[in-house]
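Some notes on the structure that comes next.
Please treat every number below as a calculation from the coordinates, not as lab data. The structure displayed is predicted, hence computed values, not measured ones. FYI the Cβ positions are ideal-geometry reconstructions off the backbone, even for glycines, and counts take in every protein chain you see.
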Number of protein chains: 2
Amino acid sequence: MSSIAEKVVAGDIRTVARLIRDIDDGMPEVREVLKELYPHTGNAYIIGITGSPGVGKSTLVDQMVGHLRQRDKTVGVLAVDPTSPFSGGAILGDRVRMQRHSMDPGVFIRSLATRGHFGGLTQSTRSAIDVLDAMGKDYVLVETVGVGQDEVDVVRSAHTTVIVVIPGMGDDIQAIKAGILEVGDIFLINKSDREGADKTVSDLRLMIEMDQKKYEEGGWKPPILKVEAVFDKGIDEFLEAVDQHAAYLAKTEGGLDFRGNRNKVREELREMVKARLLEEALDRLTKSGEFDRAVELIVEKKIDPYTACEDLVLPVSKQ
Amino acid sequence: MSSIAEKVVAGDIRTVARLIRDIDDGMPEVREVLKELYPHTGNAYIIGITGSPGVGKSTLVDQMVGHLRQRDKTVGVLAVDPTSPFSGGAILGDRVRMQRHSMDPGVFIRSLATRGHFGGLTQSTRSAIDVLDAMGKDYVLVETVGVGQDEVDVVRSAHTTVIVVIPGMGDDIQAIKAGILEVGDIFLINKSDREGADKTVSDLRLMIEMDQKKYEEGGWKPPILKVEAVFDKGIDEFLEAVDQHAAYLAKTEGGLDFRGNRNKVREELREMVKARLLEEALDRLTKSGEFDRAVELIVEKKIDPYTACEDLVLPVSKQ
């Protein structure tokens with residue numbers, strides 16, 4: 001093993017921090033380190049937490065860290081979002097919330113801010129999870145914001161995916177349907193002291209039951225739980241539900257080992273191949289000047305973009 | 001021209017509807033039609049409307065359609081989102097909102113629901129905009145939900161991008177920073193009768209002024225406007241701001257013609273090439289069985305996914 005990989009496995013904070021930053025920056029060198037770390041992965045339990053802005057994900061994650069630490073578990077947190085309180089981009093200052101864990105060597109918190117990279121957030125997140133896993137964290141919490149495809153892809157890397165909503169936003173429930181419903185293993189109504197919490201529970205239950213056929217075949221039926229993260233209410237029950245989901249997963253194909261589950265591996269490899277293909281091929285088209293020539297032809301109205309695209313791609317892919 | 005392209009240019013509703021569905025379904029045949037339609041594009045004014053779930057985008061779009069129709073303009077609406085009231089997936093029934101325009105031949109409304117396709121929403125949306133443009137719509141309104149990278153990419157196709165927020169969601173403003181702030185040409189505070197509207201205006205102003213250097217160099221300074229879409233308040237002022245932005249754009253490189261603007265063309269072509277590369281290359285790796293063999297090797301722990309990815313990609317890209 002290289003000294004970098006060795007230091008990661010030994011839990012060296014500075015090496016891990018730097019490696020994750022390099023992953024976030026899309027440095028190609030990290031690939032060799034990730035290969036070396038691979039045999040040391042597969043031990044962490046990964047929990048994805050997603051939901052719209054303002055539902056209180058950071059507070060929830062903060063409480064989860066506290067409760068997991070009480071159980072003597074080590075925890076890594078990845079805040080996958082440039083707007084996160086943990087990222088440099090935060091302007092509203094609730095970064096302080098997590099500060100109570102900042103001196104605890106059992107907790108490691110990092111944000112991933114990359115956007116627009118080839119492979120993007122999904123790829124960076126998977127790699128960063130591998131690093132926290134290899135460094136020996138018992139749990140890795142991945143916090144993502146929003147309801148976009150990026151977020152759906154990101155949470156697919158988790159063992160348990162938690163969807164957080166708040167009461168009284170009918171449209172929010174509707175938004176959950178956008179690919180998120182299918183990936184939700186646990187639904188949390190946060191700020192459940194607010195008006196409309198029961199309505200939100202019943203709306204969610206209705207939507208989940210529309211998928212009932214899946215559950216009748218012995219699948220996991222996502223529980224809907226009420227919490228008040230800011231008052232530390234309901235967190236234990238929530239973590240119990242995570243345990244139950246873990247127990248359920250342990251009985252499925254590949255168990256808790258993602259890389260033993262053919263479907264998960266297929267998904268992951270497809271993402272990686274996509275990212276890598278784009279990087280290599282676009283790099284080549286750009287360096288050769290072909291890409292810029294095509295741009296000029298379109299601007300000069302000598303060709304339409306659909307044909308220009310074909311002219312660029314077909315020579316590559318027809319070989 | 002093929003009869004399909006001819007019918008689109010003639011404004012045949014059924015042909016357009018079918019073509020957009022084929023685009024949404026990722027049918028390769030549509031490419032030839034899009035090439036034929038290309039010389040007929042470049043005339044529509046494209047407005048992107050984005051914001052988190054629950055901010056009232058659908059109501060706003062509905063009012064915009066009404067006002068544009070009063071000006072005798074024809075309007076195409078693309079609701080880019082499986083959760084949209086216009087899409088088949090809608091369950092909360094506010095699809096009815098737009099029904100007042102459903103009998104108006106000057107209005108054409110379609111949703112795009114594609115997710116997970118190669119190239120995804122961005123590519124489908126650009127193609128669908130081209131179709132509505134070629135069919136002769138004066139305005140194309142593109143409604144997208146959320147704050148993910150997908151949505152940012154989608155709104156880049158618009159002449160004017162409108163970011164909709166509601167008062168009192170501090171975190172929402174924060175979320176806007178995630179790549180959306182830079183693409184916003186107009187900010188709308190909807191439901192501005194609610195408490196906190198002025199605070200939201202000043203928060204936004206602060207964030208926009210952080211980018212001030214750009215505006216000092218003669219760039220467009222995004223106005224922040226208050227509206228109450230449900231009461232039809234402020235829509236005229238909003239559409240005037242759109243007109244002003246259009247006048248500003250007309251003086252920039254390429255003017256209102258995206259395909260005359262080198263940067264826009266570069267962006268679009270990059271997206272198209274990416275989508276096409278993935279389609280061709282992944283298709284080949286799948287058909288040859290190489291992809292499935294790599295999956296098996298990973299599941300059997302004979303190889304790590306990072307190495308497997310390299311083995312798949314390098315032979316393709318090194319040629």
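Observations, loosely collected:
- Sorted ascending by nearby beta carbons within 10 Å, beginning with the fewest, B:ASP138, A:ASP236, A:ASP203 become A:ASP236, B:ASP138, A:ASP203.
- Going from the fewest other Cβ atoms within 10 Å to the most, the residues A:MET64, A:MET1 appear in the order A:MET1, A:MET64.
- For the stretch A:210-279 and the stretch B:30-85, distance of Cα centres in Å: 37 Å
- For the stretch A:273-317, the Kirkwood hydrodynamic radius comes to 11.0 Å, computed from all pairs of different C-alpha atoms.
- Cβ-based exposure ranking for B:LEU19, A:LEU314, B:LEU225, in which fewest neighbours within 10 Å come first: A:LEU314, B:LEU225, B:LEU19
- Shortest-first nm distances, B:GLU310 label point to equivalent points in other copies (7 Å, Cα→Cβ): 3.7
- For B:LYS226, residues with placed amide H under 5 Å, excluding near neighbours: B:ILE189
- Exceedance of the 25 Å cut-off in Cα-Cα distance is limited, within the set B:LYS35/B:LYS221; A:LYS7/A:LYS287; B:LYS199/B:LYS251; A:LYS191/A:LYS221; A:LYS264/B:LYS302; B:LYS57/B:LYS199, to B:LYS35/B:LYS221; A:LYS7/A:LYS287; B:LYS199/B:LYS251.
- Size descriptor for the stretch A:6-68, Kirkwood hydrodynamic radius: 14.2 Å (Cα pairs only, one decimal).
- Proximal charge balance of A:ASP138 [Cβ under 12 Å; K/R count +1, D/E count -1]: +2
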